[in-house]
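The values are calculated or read from the model by the stated rules, or taken from the named source; none is laboratory data. Everything numeric here is computed off the predicted structure, so don't read it as measured data. With ideal geometry, Cβ positions are generated from the backbone for all residues, glycine too; neighbour counts draw on all protein chains shown. These accessible areas exclude ligands, DNA and RNA; they are computed on the full protein's heavy atoms, side chains included. Shrake-Rupley method; radii C 1.70, N 1.55, O 1.52, S 1.80 Å.
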Amino acid sequence: MIGILGAGSLGRLWAATLPVGRVAFIARPDEPTGTDLSYRFRPVKGPETTIRIPFVRPGDEPGLILVTTKAGDTVDAISGVINRLPGATPILLFQNGLGSQQAVAAQWPHHPILAASTTEGANRPDPDLLVHAGSGDTWIGAMTDPARACVDNVIAMFQATGLKVHQEPDILQRLWQKLIINAGINPYTAILDCPNGEILASALYQSTIDDLCGELSRLMAGAGQGEKSPEALRHRIEQVARNTAGNTSSMRADVLHHRRTEIDFINGYLARLGNELGIETPVNQMLTERVQQLSSP
Ligand SMILES: NC(=O)c1ccc[n+]([C@@H]2O[C@H](COP(=O)([O-])OP(=O)(O)OC[C@H]3O[C@@H](n4cnc5c(N)ncnc54)[C@H](OP(=O)(O)O)[C@@H]3O)[C@@H](O)[C@H]2O)c1
């Protein structure tokens, strides 16, 4: 059985696509587990169905844990349940950005910790409805040494979902690629309150993107993530912004719904890394502070 920690959009997507009877949600330590979680599932294609997922109960021993909390909740969420799991249970992290994955791997280095980067899209327009908004790809790779031997088995457990799941030998590099795109699009959409494509013509974007891409390029090199010119990074960011022009980023959606954003794990992570590496990051810092101000209570 696969246990899912974090019954939000992404957790419910995996639960809805895994075979019935082989998946359960993991409750918070103080949360009741007696009643199944039930919701409507609207797939990309095909009719809406109703999904019922039980909770992991005492005595159940999941063979894999998917962690689908927001990045800022991840270490606390795992801390709350890890003592109830056998030490060899693989834990697969689905968080966007960077920083939370390294924090989990550093806290539990002897545990098989894996990370995923996914371009699947899921949202909940109302609490009882899960919409699979777009199909994508998911890459999975090891974050700790004990996880290396588990990657094939873990991927095999996703076979029945029908979703595209691949092995990634260098998952950090894959997460970095997504981080760069998120860092160059998401904060602008949140600050400007606009869909992805509209950032490109804005004065804020036009006046800061070259300096931001310079910071990103130096940070990548400093972190051993390869040499990419600022121009190449800008080109990539703008390609994605144009391809997803009408989309609302998760950061903008979080601000609009008064939820905490993941800025501390995107531009905030890059600013902290710059501090460690002695690389100046004024644009990452400015974007982080402006988004933090938007989402502070
Ligand atoms: N949604 C997507 O399409 C998508 C795609 C790619 C990557 N991601 C990444 O996946 C992660 C999850 O995203 P999401 O959209 O699914 O977020 P979400 O809808 O906010 O789901 C997170 C869930 O975790 C729960 N949670 C928080 N603390 C917990 C704890 N201690 N124990 C158990 N559950 C806890 C939350 O419950 P409460 O609401 O009760 O706090 C919420 O149900 C993020 O890092 C996101 O960037 C999402």
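Might you check whether a residue that is open to solvent by 20 Å² or more (accessible area, probe 1.4 Å) and modelled with pLDDT of 95 or more occurs anywhere in region 82-90?
No, because not a single residue in region 82-90 is open to solvent by 20 Å² or more (accessible area, probe 1.4 Å) and modelled with pLDDT of 95 or more.
Report, by residue number, each residue of region 137-162 that is under 19 Å from G46 (Cβ atoms) and either at pLDDT 95 or above or touching a helix residue (DSSP H, G or I) at 6+ places or on another chain (Cβ under 6 Å) (or both).
T161
Of all residues in region 42-73, count the ones that are among the polar types (S, T, N, Q) and either modelled with pLDDT under 95 or closer than 24 Å to I140 by Cα (or both). Write out each step before concluding.
Looking only at region 42-73, we keep the residues that are among the polar types (S, T, N, Q), and these are 49-50, 68-69.
Okay, now just the ones that are also either modelled with pLDDT under 95 or closer than 24 Å to I140 by Cα (or both), so 68-69.
The total comes to 2.
Here is a list: S207, S217, S296, S249. Which entry is modelled with pLDDT of 95 or more and surrounded by fewer than 18 Cβ atoms within 10 Å (Cβ to Cβ)?
Sole residue among the options that is modelled with pLDDT of 95 or more and surrounded by fewer than 18 Cβ atoms within 10 Å (Cβ to Cβ): S207.
If I ask for residues that are among the hydrophobic types (A, V, I, L, M, F, W, C), surrounded by fewer than 23 Cβ atoms within 10 Å (Cβ to Cβ) and within 27 Å of T118 (Cα to Cα), which ones from region 272-293 would you list?
Here is the first cut: in region 272-293, the residues among the hydrophobic types (A, V, I, L, M, F, W, C) are 273, 277, 279, 283, 286-287, 291.
Filter once more, keeping what is surrounded by fewer than 23 Cβ atoms within 10 Å (Cβ to Cβ): 273, 277, 279, 286.
Answer for region 272-293, where residues must be among the hydrophobic types (A, V, I, L, M, F, W, C), surrounded by fewer than 23 Cβ atoms within 10 Å (Cβ to Cβ) and within 27 Å of T118 (Cα to Cα): just L273.
Right, Q239: under 18 Å from Q177 (Cβ atoms), polar (S, T, N, Q) and open to solvent by 50 Å² or more (accessible area, probe 1.4 Å) or not?
The answer is yes for Q239.
(1) within 15 Å of the ligand (Cβ to nearest atom); (2) under 23 Å from D152 (Cβ atoms); (3) open to solvent by less than 50 Å² (accessible area, probe 1.4 Å): which one isn't true of G63, the others all being true?
(1)
Hey, does region 74-81 have a residue that's at pLDDT below 95 and in the same structural domain as A115 (by TED's automatic domain parsing)?
Yes: region 74-81 contains one or more residues that are at pLDDT below 95 and in the same structural domain as A115 (by TED's automatic domain parsing).
Restricting to region 77-112, and then to whatever is in contact with a Ser or Thr (Cβ under 9 Å, 6 or more places away or on another chain) and among the polar types (S, T, N, Q), can you tell me which residue is farthest from the ligand (Cβ to nearest atom)?
Q107
Within region 196-204, is there a residue that is touching a residue at least 60 places away in the same chain (Cβ under 8 Å), under 28 Å from T69 (Cβ atoms) and buried (at least 16 other Cβ atoms within 10 Å of the Cβ)? Break it down into steps so the answer makes sense when it comes.
Residues of region 196-204 that are touching a residue at least 60 places away in the same chain (Cβ under 8 Å), as a first pass: none.
For region 196-204, residues touching a residue at least 60 places away in the same chain (Cβ under 8 Å), under 28 Å from T69 (Cβ atoms) and buried (at least 16 other Cβ atoms within 10 Å of the Cβ): absent.
Does region 266-281 contain at least one residue that is part of a helix (DSSP H, G or I), assigned by TED's automatic domain parsing to the domain that holds L216 and basic (K, R)?
The first filter runs over region 266-281 and keeps only residues part of a helix (DSSP H, G or I), leaving 267-277.
Filter again for assigned by TED's automatic domain parsing to the domain that holds L216, leaving 267-277.
Checking the rest, the ones that are also basic (K, R) come to 272.
Yes, because at least one residue in region 266-281 is part of a helix (DSSP H, G or I), assigned by TED's automatic domain parsing to the domain that holds L216 and basic (K, R).
Yes or no: region 113-123 includes at least one residue that is more than 13 Å from the ligand (Cβ to nearest atom) and either open to solvent by less than 20 Å² (accessible area, probe 1.4 Å) or β-branched (V, I, T) (or both).
Here is the first cut: in region 113-123, the residues more than 13 Å from the ligand (Cβ to nearest atom) are 113-114.
Then drop every residue that is not either open to solvent by less than 20 Å² (accessible area, probe 1.4 Å) or β-branched (V, I, T) (or both), which leaves 113-114.
Scanning region 113-123, I find at least one residue that is more than 13 Å from the ligand (Cβ to nearest atom) and either open to solvent by less than 20 Å² (accessible area, probe 1.4 Å) or β-branched (V, I, T) (or both), so the answer is yes.
Going by what's in this entry, would L130 be described as closer than 23 Å to T261 by Cβ, touching a residue at least 60 places away in the same chain (Cβ under 8 Å) and touching a Leu at 6+ places or on another chain (Cβ under 7 Å)?
yes
Name the pairs whose Cβ atoms lie under 7 Å apart, with the first residue in region 100-117 and in contact (Cβ under 8 Å) with a residue 60 or more places away in the chain, the second among the small types (G, A, S), and 6 or more positions between them or separate chains?
S100/A71; Q101/A115; A115/G141
Has region 36-51 got any residue that is open to solvent by 50 Å² or more (accessible area, probe 1.4 Å), among the basic types (K, R) and under 18 Å from G3 (Cα atoms)?
Just the residues of region 36-51 that are open to solvent by 50 Å² or more (accessible area, probe 1.4 Å), to begin with: 36, 38, 40, 42, 44-50.
Next cut, among the basic types (K, R) only: 40, 42, 45.
Next cut, under 18 Å from G3 (Cα atoms) only: none.
No, region 36-51 contains no residue that is open to solvent by 50 Å² or more (accessible area, probe 1.4 Å), among the basic types (K, R) and under 18 Å from G3 (Cα atoms).
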